[in-house]
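The values are calculated or read from the model by the stated rules, or taken from the named source; none is laboratory data. Bear in mind the structure is a predicted one, so any value in this text is a computation, not a measurement. Here the Cβ positions follow ideal geometry from the backbone for every residue, glycine too, while neighbour counts run over all protein chains shown.
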Amino acid sequence: MRYLKLIIFFLIITACRTTYAESYIVDAPVLNVRSCAGTNCQIIRKLTKGDTIVSIKDDGKWVEIKTENGSGYVIKKALSEDNTLIYMENYMIFFVMLFFVIWFVFFIYMLPAKIASDNKNFIKIYKVNLFLGWIPVIWLILLLAALIGESNEDKTL
């Protein structure tokens, strides 16, 4: 349970990376979408200049793209890269990282209260930590109080 948030964070980052698909803009006046990678394959659709497409796979010469009816192939030399998806991915990674950093800072900030969870003065340490823990000297005093304080278990013996 203690590493669950860290594992979830890395899964989100991995998902962002694996779901990335490159986006292209059609440069040719008319671009044929074919059923397979080759000029002898059946034309299943036509694209016009300025259309934006998302690639599924790129083998160098041909690009497999998403279509309404599944997938199709277009020749790569008639395309130029569209960086819109790259920027969206970077923002997603930025916000996930920001969330993780905020969570980590809050965890460190509340560490004395967490350590004092079985301490007989837990409520006092928690309240002071919550409202005044931002002051470094008070945070250190709270950390020491949590570490050396009398636990509830010691009192029952």
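Only residues that are crowded, with 18+ Cβ neighbours inside 10 Å, touching a strand residue (DSSP E or B) at 6+ places or on another chain (Cβ under 9 Å) and not in a helix (DSSP H, G or I) were counted across region 108-148, and they come to 1. When only residues in region 49-65 that are over 13 Å from LEU31 (Cβ atoms) and free of Cβ contacts under 8 Å to residues at least 24 places away in the same chain count, which is surrounded by the fewest Cβ atoms within 10 Å (Cβ to Cβ)? So the residue we want is GLY60. Screening SER23 with (1) under 23 Å from MET92 (Cα atoms); (2) modelled with pLDDT of 90 or more gives one miss only, at (2).
Could you look through region 21-52, keep only residues that are hydroxyl-bearing (Ser, Thr, Tyr) and over 14 Å from ILE65 (Cβ atoms), and pick out the one that is nearest to the chain's Cα centre (by Cα)?
THR48
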